[in-house]
Structures are given as C-alpha cells and as structure tokens.
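Visitor: One structure, as structure tokens, below. Some questions next.
The values are calculated or read from the model by the stated rules, or taken from the named source; none is laboratory data. Quick caveat, the model's predicted, so the values are computed rather than measured. Glycine also receives a Cβ, built like all others from the backbone with ideal geometry; neighbour counts cover every protein chain displayed.
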Amino acid sequence: MVKKRHADPDGEIVQLAYDAPPGTPAGLEVLTLAGLRERAPEGLLPRPQRLDFHQIIAVDSGAATHTVDFTTHALDAGSVLWVRPGQVQQFGDHGDAAALEGTVVLVQPGFLPPGTAVSEAADDPFRPVLWRPAGGDREAVFCAVRHLATDFRTGGHLPAGIRTDVLRHLLSVLVLRLAHATAGVSGLPAPGDTFVRFRAAVERGFTTHHRVADYARTLGYAPRTLSRATMAGAGVGAKEFIDRRVMLEAKRLLAHSDLPAARITERLGFDDAANFSKFFQHRAGLSPGAFRASLRPHPA
C-alpha cells in the first residue's frame, strides 16, 4: 500500500494505491491489522483515504469506528468491513483502532476472473460495507478468512502461477460466503435484472445524465418501469437513486480535492454552479463550501 499523494496537513484526502510487496503474488495480500498499523506511515490511518483497491477487514477482537463514504460504522468482533475501489475511508480514533485485531485482505481490481458471479459480487458497489454474519455463516466466513491467510503465509514454496491460482480460488470462496451471508441484509429482495441494468447504467452515466427519462430511453424501458424496479431493488425511486449517486460523488470531490465549485459543476454535469449549489444545499442542508470546510481541520 503506497501513497500517491502526500498527506499534508490541509485535510486533503490521501489517495492510496496498492503495490504488492516483493515476494508476494501480484494482486492480493493478506496481513493482520497489527501488521497494517506497523506498515502505515505515522498518522496515515486516521486520515481520510481514497483507495484504488479492495480492502476487506475481518475483526477478531476489539471495537472501533470506521467511516466509509461519510458514514460511520461500528466495528467489533465478528464484523466484516469491505471498502471498495473509489470509496473514501477513515479509520477511527487511533486509540480505538490500535485495540482492533483481525485480518486484512487487500485485492487489486481484476485479480478475480472477470465475467463470473464471483467478480460481479466483488465489484458490485451497491453491496453492504459492513455486516455481521451470524451462526453458521459467521463460522464459514471466518474459516474462509483463516484458510486464505494460511495459504498466503505458507504458499511461498509453490510455483508463482499455482500459488496465484490457489489464492484466487480461496478468495472466491470468501467472496461467495460473504455474498451469501449478506443476502437480504438490506431487508430488500435480490435485485431484478431491470434494476441491475439501471444501476449499472447510472454508474456509467451519472456525471452526464440526471433524468430518469434518459436512462429509460437508453435501456428500452418506460420511466415508470425503472422507478418500480428501483423501488423494489433499492427502496427508493429511480430519480432519488440517481440523485444519491450524484450527491455521493459531489461529497467525494469536495472532500478529496481542492477543485473549485465551477470544476465540480462541470464534472457532475450541471449547467452552472448555482444549480449545483442549490442541489447540494437541498440535500445536505449546507452549501458545498461549508461542507468542504467542515471536513478540514480548524486552525488552532
């Protein structure tokens, strides 16, 4: 794990890229939380970070908070956190985080074979960030984590290709176990094909298309059909789903960069800065500038 941007004191979010240490398989690494704390530069973990890799944390003991995309989650024994590429994370208070013990799995995008049920589950940005599998699911998930960690630690004698294949299969088991453990965690049924196609289209086009009618035309559905499918799959209407995705990216850009409002307006497909500011104020209750200021440390 390396920094792509210097962690200066102005509150800017650090971009983190994954780089496999020498002697480890390209694309995947398994280590302990203690090992992660040891490796991280002083003061990095409590800072907001934007990852370009997957980070799965399976907690064995301790309790701490962890913020992902501006939502704070409580971690404790038996919980599993999955931060996906592009998401903004921040470890909790240093004292709390230091008491947390468990296993960390770092995975580069593309490590799992594309076009499979496993890669689709891993790359789905709409899956939960945090969950607590119970009973047999919990036992199976943590057994899969231990198996993956053991093979990562002891498989150095294997030829590189075989070792990578073994780890890829074991990671696939973990992903499928997690997918099963999280089924229904939102209280909503499994998403139907119409909603899956719609949310994929939104992910590709939210920076330029904000109207349900645009997606309905592209996908060949009536707007009302998309709204029904989105309500069933996400619990909100289609327009609300689009607006939430735009809002999330707006928060990321405001927190992640020093781009002026005019540039963010352009990136998110608004006609002018006034419209963007009105949209943001309506949904966040404060202006884009005030939101950005709230994330930056106040001068002493």
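Visitor: Which residues, taken from the range 255-278, are assigned to a loop (DSSP other than H, G, I, E, B) and under 20 Å from Ser294 (Cα atoms)?
Guide: Once the filter is applied, which keeps residues that are assigned to a loop (DSSP other than H, G, I, E, B) and under 20 Å from Ser294 (Cα atoms), the range 255-278 yields Ser257, Asp258, Leu259, Pro260.
Visitor: Looking only at the range 133-157, filter to residues that are in contact with a strand residue (DSSP E or B) (Cβ under 8 Å, 6 or more places away or on another chain) and surrounded by 16 or more Cβ atoms within 10 Å (Cβ to Cβ); which one of those is modelled with the lowest pLDDT?
Guide: Pro133
Table: residues versus (1) among the polar types (S, T, N, Q); (2) under 21 Å from Gln90 (Cβ atoms).
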{"site": "Ala250", "(1), (2)": "no, yes"}
{"site": "Ser257", "(1), (2)": "yes, yes"}
{"site": "Thr265", "(1), (2)": "yes, no"}
{"site": "Asp271", "(1), (2)": "no, no"}
{"site": "Ser277", "(1), (2)": "yes, no"}
{"site": "His282", "(1), (2)": "no, no"}
{"site": "Ser287", "(1), (2)": "yes, no"}
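Visitor: Restricting to the range 252-266, count the residues that are at pLDDT 90 or above and either in contact with a Gly (Cβ under 6 Å, 6 or more places away or on another chain) or under 26 Å from Thr72 (Cβ atoms) (or both).
Guide: The number of residues fulfilling the criteria is 1.
Visitor: Oh, and also: Pairs needed: first member in the range 264-278, without any contact (Cβ under 8 Å) to a residue 40 or more places away in the chain and more than 13 Å from Asp243 (Cα to Cα); second member anywhere, hydroxyl-bearing (Ser, Thr, Tyr) and not in a helix (DSSP H, G or I); C-beta distance under 7 Å; at least 6 residues apart or different chains.
Guide: What qualifies is Ser277/Ser287.
Visitor: Right, next: Of all residues being among the aliphatic types (A, V, I, L, M) and more than 12 Å from Val104 (Cα to Cα) in the range 26-57, which is surrounded by the fewest Cβ atoms within 10 Å (Cβ to Cβ)? Just the residue, please.
Guide: Residue satisfying both the conditions and the ranking: Ala26.
Visitor: Same structure again: Can you tell which of Ala216, Ala238, Ala234 is farther than 22 Å from Gly110 by Cα, assigned by TED's automatic domain parsing to the domain that holds Glu266, crowded, with 17+ Cβ neighbours inside 10 Å and at pLDDT below 90? Full working, then the answer.
Guide: Numbers: Ala216 fails: at pLDDT below 90; Ala238 fails: at pLDDT below 90.
Result of the check over Ala216, Ala238, Ala234: Ala234.
Visitor: Could you tell me how many of the residues in the range 20-43 are more than 18 Å from the chain's Cα centre (by Cα) and in a loop (DSSP other than H, G, I, E, B)?
Guide: 11
Visitor: Still on this structure, I have one more. Of the numbered conditions (1) surrounded by 15 or more Cβ atoms within 10 Å (Cβ to Cβ); (2) modelled with pLDDT of 95 or more; (3) in a helix (DSSP H, G or I), His210 fails exactly one; give the number of that condition.
Guide: All conditions pass for His210, except number (3).
Visitor: Right, another one. So is Gln89 closer than 27 Å to Thr24 by Cβ and surrounded by fewer than 20 Cβ atoms within 10 Å (Cβ to Cβ) or not?
Guide: no
Visitor: Being within 17 Å of the chain's Cα centre (by Cα), free of Cβ contacts under 8 Å to residues at least 60 places away in the same chain and surrounded by fewer than 18 Cβ atoms within 10 Å (Cβ to Cβ) is the filter; apply it to the range 104-125 and report the residue that is farthest from Val166 (Cα to Cα).
Guide: Pass one, the range 104-125, residues within 17 Å of the chain's Cα centre (by Cα): 104-112, 118-125.
Now narrow it down to the ones that are free of Cβ contacts under 8 Å to residues at least 60 places away in the same chain: 109, 118-121, 123-124.
Going one step further and asking which of them are surrounded by fewer than 18 Cβ atoms within 10 Å (Cβ to Cβ), we end up with 109, 119-121, 123-124.
Working: Pro109: 17, Ser119: 16, Glu120: 20, Ala121: 19, Asp123: 20, Asp124: 23 Å.
Applying the filter and picking the extreme gives Asp124.
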